[in-house]
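The values are calculated or read from the model by the stated rules, or taken from the named source; none is laboratory data. Since we're looking at a predicted model, the values are computed, not measured. With ideal geometry, Cβ positions are generated from the backbone for all residues, glycine too; neighbour counts draw on all protein chains shown.
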Amino acid sequence: MPSLRAVSRIAGAAALVSWPFCVWLALTHPEWRALMLALALLFALRLAVMPAGALRLPGIILLLAGALLALAGYWLPQARLMLWYPVLVNLVMLLLFGGSLFAGPPLVERIARWQEGGELPLAARRYTRKVTRVWSLFFLFNGALALATVLSGSLRAWTLWNGVLSYLAMGTLFAVEWCVRQRVKRHAR
């Protein structure tokens with residue numbers, strides 16, 4: 001049987017991925033606003049069992065903001081504040097990735113060390129720094145587009161970008177980086 005922590009991870013991921021669609025439903029079909037309560041509960045569940053660690057503060061910020069904005073979406077009619085959540089997520093991720101370029105090892109290097117179980121060769125550290133820069137630029141670009149969709153006032157554009165296209169862009173970047181990483185590893189051997 002899965003642990004509460006595993007269930008909360010799945011719940012948190014489901015809340016993040018479904019956010020744009022639940023917001024769209026809550027704003028266009030008020031009878032669906034109760035979905036925002038469900039999202040608030042998913043965020044609260046994830047927050048309740050969040051493990052201690054280096055990424056705890058950004059996680060707490062995003063989970064609390066998500067829960068509060070979801071509650072606002074339930075209690076306040078036309079709570080367009082919910083539209084700002086993707087902007088906040090991208091800002092936090094930009095600060096997390098970009099900030100790691102200036103303080104300590106870059107975030108991608110920390111992840112690689114954790115996965116590889118130890119110290120990385122100089123070439124790998126250089127590569128992880130470049131990848132951290134690329135992800136920082138991605139979050140800057142994605143956050144700027146999320147902001148543009150909020151400011152445009154078009155719920156359709158907001159939902160399309162934040163619910164579909166940004167996920168496709170992120171998945172594409174992840175897949176391309178994974179392919180490049182495999183090639184870099186082969187050449188390093």
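Consider residue 186 carefully, then state whether it is in contact (Cβ under 8 Å) with a residue 40 or more places away in the chain and part of a helix (DSSP H, G or I).
No, not satisfied.
Would you confirm whether or not segment 24-35 contains a residue that is within 18 Å of the chain's Cα centre (by Cα) and either assigned by TED's automatic domain parsing to the domain that holds residue 144 or farther than 22 Å from residue 138 by Cα (or both)?
For segment 24-35, residues within 18 Å of the chain's Cα centre (by Cα) and either assigned by TED's automatic domain parsing to the domain that holds residue 144 or farther than 22 Å from residue 138 by Cα (or both): absent.
From 63, 69, 94, grab the single residue that is in the same structural domain as residue 184 (by TED's automatic domain parsing), within 23 Å of residue 17 (Cα to Cα) and buried (at least 18 other Cβ atoms within 10 Å of the Cβ).
Residue meeting the stated conditions: 94.
Tell me which of these residue 121 doesn't satisfy, since it passes every other one: (1) modelled with pLDDT of 90 or more; (2) exposed (fewer than 12 other Cβ atoms within 10 Å of the Cβ).
Result: residue 121 fails condition (1) only.
Condition check: among the charged types (D, E, K, R) and either assigned by TED's automatic domain parsing to the domain that holds residue 163 or surrounded by 13 or more Cβ atoms within 10 Å (Cβ to Cβ) (or both). Does residue 56 satisfy that?
Spelling it out, it is not the case that residue 56 is among the charged types (D, E, K, R) and either assigned by TED's automatic domain parsing to the domain that holds residue 163 or surrounded by 13 or more Cβ atoms within 10 Å (Cβ to Cβ) (or both).
Quick check on segment 92-105. Is at least one of its residues of a type outside the set (Asp, Glu) and either farther than 27 Å from residue 127 by Cβ or touching a residue at least 60 places away in the same chain (Cβ under 8 Å) (or both)? Quick ask: steps written out before the conclusion?
Residues of segment 92-105 of a type outside the set (Asp, Glu): 92-105.
After this cut, where a residue has to be either farther than 27 Å from residue 127 by Cβ or touching a residue at least 60 places away in the same chain (Cβ under 8 Å) (or both) as well, the list is none.
No; the residues of segment 92-105 include none that is of a type outside the set (Asp, Glu) and either farther than 27 Å from residue 127 by Cβ or touching a residue at least 60 places away in the same chain (Cβ under 8 Å) (or both).
When you scan segment 62-167 for helices (runs of 4 or more DSSP H) that lie fully inside it, which ones turn up with 2 or more residues that are within 30 Å of residue 41 (Cα to Cα) and more than 14 Å from the chain's Cα centre (by Cα)?
In segment 62-167, the matching helices (runs of 4 or more DSSP H) lie at 107-116, 122-152, 155-160.
So for segment 168-182 (the condition being β-branched (Val, Ile, Thr) and at pLDDT below 95), does at least one residue qualify?
yes
Just checking, which of 24, 19, 84, 32 is in contact with a helix residue (DSSP H, G or I) (Cβ under 9 Å, 6 or more places away or on another chain), at pLDDT 85 or above and under 21 Å from residue 135 (Cβ atoms)?
Selected residue: 19, the only one of 24, 19, 84, 32 that is in contact with a helix residue (DSSP H, G or I) (Cβ under 9 Å, 6 or more places away or on another chain), at pLDDT 85 or above and under 21 Å from residue 135 (Cβ atoms).
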